[in-house]
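Coordinate-derived values only; no laboratory data. This structure is a prediction, so every number in the text was calculated from the model and none was measured. We place every Cβ from the backbone using ideal geometry, glycine too, and count neighbours over all the protein chains shown.
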Amino acid sequence: MQIKSVRQESILRQFGIYFIVASVIPFFTFLYLLSQLATGGKEAISGFNLILLVVIAGLLAVLGFVGARGFLTKITLLSSRLKKEDLGVIDKATILELARGEGEVALLARVFGDITGKLENNVRQLEETKMALHRVLSKIGKAISSVENFDLLIQFILETIVEAVEAKRGVIFSLDEEKQVLLPKSAVGIDKGALPAELAFGQEAAGWVAKERKPLFVPSLEEQETDSLFAPPLIATPLIVHDKLWGVITISGKKDSAGFSEDELKILSNLGFQIAVAFENAKLNSEAEKTYFETISALALAVEAKDTYSNGHSQRVSEYAGKIAERLRLSQEVLNTLADAARLHDIGKIGIADDILKKPGRLTDEEMSIMRQHPAIGEGIVKPLRTFRRIVGPIRHHHELLDGSGYPDGLKGEEIPLITRILTVSDIFDAVTSNRPYRKSLTMEETRRELQVMVEKGKIDAGVVTTLFALVDERKIITAP
C-alpha cells in the first residue's frame, strides 16, 4: 500500500508541475502585466520588459504543453502496446521491460505488474479450490462405484467431507425405523466410546435435524465446549431421498478460527442426498442378495434331495462346524460365516451330471476329475453375492488339505484359514459317519482312527479334530443313526 501511494504521488506531482508550467505561471505573468499597466501606464513598465515577460510566459506555456504532451504520449503508447497483446495471456516480458526504466511509464508498469500478479494469484487460488472440490467429488464417486463394503464406503465419504471443509469432527447417524432413534454409523475425529448409543428425535443437534427434517447451521460462539460432539460451529443435514429419512450427518468444529459458511452447508446438503441414495441402494442390494441367497440355498437342498445318501448333509456339516467354532471361542461373525458356507458348500454339485452324483460305486478317474470341479462351480454361483463374499473362500477350498494334496488349488498349511479347516473336518466327519453307495458308515471308533491317520499324515488340522471328538465324547455332537 505504501509503495503504491508513493508511485501515485510521483505521477501526480509530475503532472502538477507540467500543469503549473503550462498554465498557472503564464496566467499570473499576464495578470502581473495587466496590473502594472492599469496602475502606472506605459511608464510603469518598459517595452523591452513587456516583450521579455510575454516571451517568458509563452516559452513556459510551450514547455508545459510539450512536457504534458510527452507524459500523455507515454501513457498512450503503454496503453496501445498492451492492447496489441493477447489479453488471454498477458506478456510479462513487456511489463518487466517497461518496469526496468525510469519515469512515469516505469512506475505505471510496476503498478500494473503488481496488480497482474495479484490477479494471477487469485485465479490460481480459485483453480486450486475448483480442483480440490473436483477431487472430493471424484473420490466419493469412485468410492460409491467401487467399494463393496457399505460401512467402509460411509467411513470413506465422511473422512473426505471432514477433510474438505477442514472440520475437527464428523458423525453419520443411521435411522432405526423400528425404534425411531438415531444410531451412530460412522465417526471421524472422536472416540467411538464418546458417541451416544442412540439419539431420540429432537435430542441434540442431530435429533433436531431428524425431527424437523431440515439442515442446521450453528455459528461459532464465544463460550463453548470445544471438545463436545455438537459444539458450535456446526453444520448438519438430514439424509433424505424419495421423502424417506435414512439418517443425519453432522460436522462440527473448525481447525482454524473461522466458522462454517452457508456455502459449506449447501455442499453438505447436496452430499447428504448422495449419502441417502447410498443407504437406499445398500438396503435394496442387501434385500436382493438375501433373496438370491435363499434361492440358491433351496437349490442346494434340491441337489441333496436327489441323492438319498447325502440328504441332510449340509445341515449336519453346519451343525458340527458351528459347535467346533463355539468351543474354540471364535467370534459371532465367524459362526455366521461357517453356517452360511456349510449350507452352500456343495452348491456346485448342481453342475455335475446325475449319473456321476448318483453312481452306486466308486467313481472312475475321469468321473472324479469332473466331481472335483464342484468347489469352483460353487464359487462361481456364490461370488456375485457381495454381502456374502466372505463365504466364497470356504466354499472353494473346503476340499483343500494341509499337505497340498487337496483340490482345486492345492493349498498348503497356513494358506488354508482356520474357518476353512473347520469346514473341511466337519465335511469329512459327516461323510465317513454316513452311508454311501460304495460303503457303509464307519463306527465312531473307526471314524476316530480314520481322522487321526489324516492328522498324522498332515492332511487336516489336529486342533480341530481334537475339539471335534471332545464334543463327541461330551455327547454334544451326535451322529445320525
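Using the 10 angstrom Cβ neighbour count as an exposure proxy, how do Ser369, Ser426, Ser261 rank, fewest first?
Ser369, Ser261, Ser426
List the residues, sorted by chain then number, that are 5 or more residues from Val241 or on another chain and whose placed amide H is less than 5 Å from its amide H.
Trp246
Which one, Gly463, Thr387, Leu402, projects farthest toward the positive side of the charge dipole computed for segment 358-468 from Cβ point charges (K/R +1, D/E -1)?
After comparing all options, I get Thr387.
For a 18 Å ceiling on Cα separation, which of these pairs sit above it: Lys214/Lys266; Lys440/Lys476; Lys359/Lys440; Lys412/Lys457; Lys211/Lys283; Lys192/Lys283?
In this structure, Lys440/Lys476; Lys211/Lys283; Lys192/Lys283 lie more than 18 Å apart at Cα.
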